[in-house]
Amino acid sequence: MKNRLTFFSLLLFIFSCQNEKTDRMKNPTIPVEYPNTEKKEHTDTYGANEVRDDYHWLEDDRAPEVEDWVVQQNQTTRGYLDKIPFRQAIEDRYRELYDYPKLSSPYRVGDYYFFYKNDGLQNQSVIYIQHGLDGEPEVFIDPNTLSKNGTVAISLAGSSVDNRYLSYLRQEAGSDWAEVHVMDIAARQELPDVIEHVKFSGTTWFKDGFYYCRFPDPDENAKFSAANQYHSVYYHQLGSGQDQDELIYRDEENPNFTMGIDITEDEQYLILTKSSGTDGFETWYRPADATGPFMPLFTGFAHKNSIIDHDQDAFLVHTDIDAPKYRLIRVALNRPEPENWKEIIPETEDLLQGVSSAGGKLFADYLKDVTTRVYQFERDGSGKKEIRLPGLGSAGGFYGKKDYQQLFYTYTSFLYPPTIFLFDITSGSSKPFFETPLKYNPEEFTEEQVFYTSKDGTRVPMFLVHRKGLALDGQNPAFLYGYGGFNISLTPYFSPMRILILENDGVFALANLRGGGEYGEEWHRAGMLDKKQNVFDDFIAAAEFLIDTGFTSKDKLAISGGSNGGLLVGAAMTQRPDLFAVAFPAVGVLDMLRYQKFTIGHAWAVEYGSSDNPEQYPYLKAYSPLHNLKDGVHYPSTLVTTGDHDDRVVPAHSFKFAARLQEAHQGENPVLIRIETDAGHGAGKPTGKIIEEGADVLSFFFYNTNSPVKYLKG
């Protein structure tokens, strides 16, 4: 009998070992009791269409009842996240990976160099100044001393022509609203000049002051949600009050237009850009010393024309006219007609995403299959030379004044943290100026680019990053990220958060969807307006590719995106709820019928269309995430994220989507919303908040894909 029991115990042990992986991978359900969100009957009318919006009341994010709802939702979400057993371990490792020095490319002002530096875990990067390349760095502005919780962000905005003054923007709690301040560089003293209600603007210095763009004084009660109109150009004379600033330009007939103001390096011409939205703009100019009207150079909003430089009574212009992948042309001011344009750098099969001028040379920044190539040219387009980069990744910089002979640029990839290089124009050589110390071994991982086929047969690129030798057995947690909009290209860049995914045998995937700018204007236009569904199809096809090739399975797959990418995630999870285990719509545009009613949302109508247009309403309604949630559907485990001070994509989008999702969802898996306080759309977020949110996202990801967290220490 004893031997029979021993044999039975042995069989039981073998059976339990065979099922150890399966048992370990089944995380217990953490019960969630959602707050009761009241439904208040409300109907919106779009032409002949009536649409119920019973969570409309959540749009008033300053109302006491909405503030109470935010508190209840955050308590529920926090209660869930804090029960994930490895959440603190995730945060500890993320903090360790994040704790490395971060430096920006130096910005030269006369004999001084300015740069941002974060020692590792400082909430905001400190602005340093040093005299010459060999000088000793000194603290110039430390934003961390300006608030108790690190929510004040500082960004350099421009310098005076005589290199005496430096202007900077001060923004609080992640808001797009900014103040302009001015510092005397040598004295290290702040001037009394303060400019308020600035938004979407830098400073353009001329003589004893600077140009800037601002909106009229906002209603303080609706500052973070009311539509922004009458963006205007002003000139501020140093030493005077803002109420004395001169109004330079305002388009009274088109209140939704946004403005930009710049000046050529030789200070000969002032350049005005007028945008009806986020795609295409007009370019106007006038002599810098003149006071008359601006003269048109490019009118209409079908194209994007950027003046790179002025030289011998002609503008060098980066344009997509007759060149969807862009080219550089020379436009003589006495003969500006298209038939007189001279082509300096012609269009090629690769995207010419930008051209800069420095040291008497031109630097052309290309994308070839979504990785950077940089070439140096003479100003007439001759003498093409490639600048050798460390690998296939992303590089930026290569700008400076005509007399500069040394430039800085930054290079990064998925596994290569940002490294700053000093480039000598005369010799064409580069050398590292600042390298990031690593707290992981990049040799353990690999990055590759694949191409997959979308629904309509389009070939779409995607980057994959994972541990070397990863088994393609469908058991790997995968984190699929996308954006697909506004002509924005997603190129390789480093993130310590992703390293934590890789350390736990996860796959990070970045899909370069239509709607972005990776292959020029044709790629962009194939994913905008009535073709927006192509973007969602591309994203869904990326997920299917990852599953079909064994990189992951639908039970292990998470999707993530922010802003327009939040829309992407919302549309994908409502169209294919069966395909994903987890969804992270971050600061998303989720109500496609009302987005244009808030802050700067009206500017996106050129990209999306508007429900006010009866021809565009049907396709917006067809994919609007909020309006396509259906009762009784099992949706992926979802963590919606937003900020209470987001005045770019107002939090009402996320509030209403989360409330409706909690109502419609059928299943024990969680559908939650995480609302960051004193935070906006993302820019200027303190390091502490970044780490806490990242730890919450990764913990939610691993727990709801039933993935073992086995690698947490460096």
- Criterion (surrounded by 24 or more Cβ atoms within 10 Å (Cβ to Cβ), within 17 Å of Asp60 (Cα to Cα) and in contact with a Phe, Trp or Tyr (Cβ under 6 Å, 6 or more places away or on another chain)) met by exactly one of Val582, Val587, Val650: Val650
- Does any residue of the range 347-370 turn out to be of a type in the set (Asp, Glu) and either under 27 Å from Ile600 (Cβ atoms) or crowded, with 18+ Cβ neighbours inside 10 Å (or both)? yes
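Keeping to the range 583-617, report how many residues are hydroxyl-bearing (Ser, Thr, Tyr), part of a loop (DSSP other than H, G, I, E, B) and out of contact with any helix residue (DSSP H, G or I) (no Cβ under 6 Å at 6 or more places or on another chain). First the steps, then the outcome.
Our first condition is that a residue be hydroxyl-bearing (Ser, Thr, Tyr); within the range 583-617, this holds for 595, 599, 608, 610-611, 617.
Now restrict to residues that are part of a loop (DSSP other than H, G, I, E, B): 599, 610-611.
Next, from what is left, pick out any that are out of contact with any helix residue (DSSP H, G or I) (no Cβ under 6 Å at 6 or more places or on another chain): 599.
So the count comes out to 1.
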- Message: Give me the strands (runs of 3 or more DSSP E) completely within the range 382-476, filtered to those with at least 1 residues that are within 30 Å of Asp266 (Cβ to Cβ) and touching a residue at least 24 places away in the same chain (Cβ under 8 Å), ordered by residue number.
- Response: 385-387, 394-397, 406-412, 419-424, 429-434
- Note on the structure: Scanning the range 147-180 residue by residue, the ones that are within 25 Å of the chain's Cα centre (by Cα) and either assigned to a strand (DSSP E or B) or of a type outside the set (S, T, N, Q) (or both) total 21
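Checking the conditions here, which among Thr574, Thr638 is touching a strand residue (DSSP E or B) at 6+ places or on another chain (Cβ under 6 Å) and buried (at least 24 other Cβ atoms within 10 Å of the Cβ)?
Values: Thr574 fails: touching a strand residue (DSSP E or B) at 6+ places or on another chain (Cβ under 6 Å).
Exactly one of Thr574, Thr638 is touching a strand residue (DSSP E or B) at 6+ places or on another chain (Cβ under 6 Å) and buried (at least 24 other Cβ atoms within 10 Å of the Cβ), namely Thr638.
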- Task: Go through the residues of the range 637-651 one by one and say whether even a single one is under 23 Å from Gly517 (Cβ atoms), in the same structural domain as Gly570 (by TED's automatic domain parsing) and not basic (Lys, Arg).
- Result: yes
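Could you check the range 283-302 and list, in sequence order, the residues that are charged (D, E, K, R) and under 18 Å from Val317 (Cβ atoms)? Spell out how you get there, then give the answer.
As a first pass, look at the range 283-302 and keep what is charged (D, E, K, R): 286, 289.
Passing the criteria: only Arg286.
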- Message: If a residue must be part of a helix (DSSP H, G or I) and either at pLDDT below 95 or within 26 Å of Pro418 (Cβ to Cβ) (or both), how many such residues does the range 490-522 contain?
- Response: 8
- Note on the structure: For Leu272, the lone unmet condition from (1) modelled with pLDDT under 95; (2) buried (at least 18 other Cβ atoms within 10 Å of the Cβ) is (1)
- Just wondering, is there one or more residues in the range 621-633 that are modelled with pLDDT of 95 or more, assigned by TED's automatic domain parsing to the domain that holds Ile547, more than 28 Å from Val697 (Cα to Cα) and surrounded by fewer than 23 Cβ atoms within 10 Å (Cβ to Cβ)? yes
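Given the criteria part of a strand (DSSP E or B) and free of Cβ contacts under 8 Å to residues at least 60 places away in the same chain, does Phe479 qualify?
On the way: part of a strand (DSSP E or B): yes; free of Cβ contacts under 8 Å to residues at least 60 places away in the same chain: no.
Judged against the criteria, Phe479 is not a match.
When the range 137-146 is examined, which residues are found to be in a loop (DSSP other than H, G, I, E, B) and among the aliphatic types (A, V, I, L, M)? Before you say what the answer is, go through the steps one by one.
Our first condition is that a residue be in a loop (DSSP other than H, G, I, E, B); within the range 137-146, this holds for 137, 142, 146.
Leu146 - this is the single residue of the range 137-146 that is in a loop (DSSP other than H, G, I, E, B) and among the aliphatic types (A, V, I, L, M).
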- Considering residues that are more than 25 Å from Pro432 (Cβ to Cβ) and either in contact with an Asp or Glu (Cβ under 8 Å, 6 or more places away or on another chain) or surrounded by 14 or more Cβ atoms within 10 Å (Cβ to Cβ) (or both), the number found within the range 133-154 is 12
- Note on the structure: Being out of contact with any Asp or Glu (no Cβ under 8 Å at 6 or more places or on another chain), among the hydroxyl-bearing types (Ser, Thr, Tyr) and either more than 17 Å from Ile307 (Cβ to Cβ) or free of Cβ contacts under 8 Å to residues at least 12 places away in the same chain (or both) narrows Thr348, Thr372 down to just Thr348
- Message: Whether any residue in the range 353-365 is over 30 Å from Glu267 (Cβ atoms) and outside the structural domain of Pro492 (by TED's automatic domain parsing) is what I want to check.
- Response: no
- Task: Only strands (runs of 3 or more DSSP E) wholly contained in the range 47-132 count here; list those with 2 or more residues that are aliphatic (A, V, I, L, M) and either touching a strand residue (DSSP E or B) at 6+ places or on another chain (Cβ under 9 Å) or buried (at least 18 other Cβ atoms within 10 Å of the Cβ) (or both).
- Result: 126-131
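Take the range 306-316 and flag every residue that is modelled with pLDDT under 95 and surrounded by 14 or more Cβ atoms within 10 Å (Cβ to Cβ). Spell out the reasoning first.
The initial filter retains those residues of the range 306-316 that are modelled with pLDDT under 95, namely 311-313.
Selection gives Asp311 alone.
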- So, in the range 672-714, of the ones that are at pLDDT 90 or above and among the β-branched types (Val, Ile, Thr), which residue ends up nearest to the chain's Cα centre (by Cα)? Ile690
- Taking the stated definitions as given, is Lys532 basic (Lys, Arg) and either over 14 Å from Asn487 (Cα atoms) or not assigned by TED's automatic domain parsing to the domain that holds Ser654 (or both)? no
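The values are calculated or read from the model by the stated rules, or taken from the named source; none is laboratory data. Predicted model, so just to flag it, every value in this text is computed and none were measured. Cβ coordinates were reconstructed from backbone atoms using ideal geometry, including for glycine residues, and neighbour counts include every protein chain displayed.
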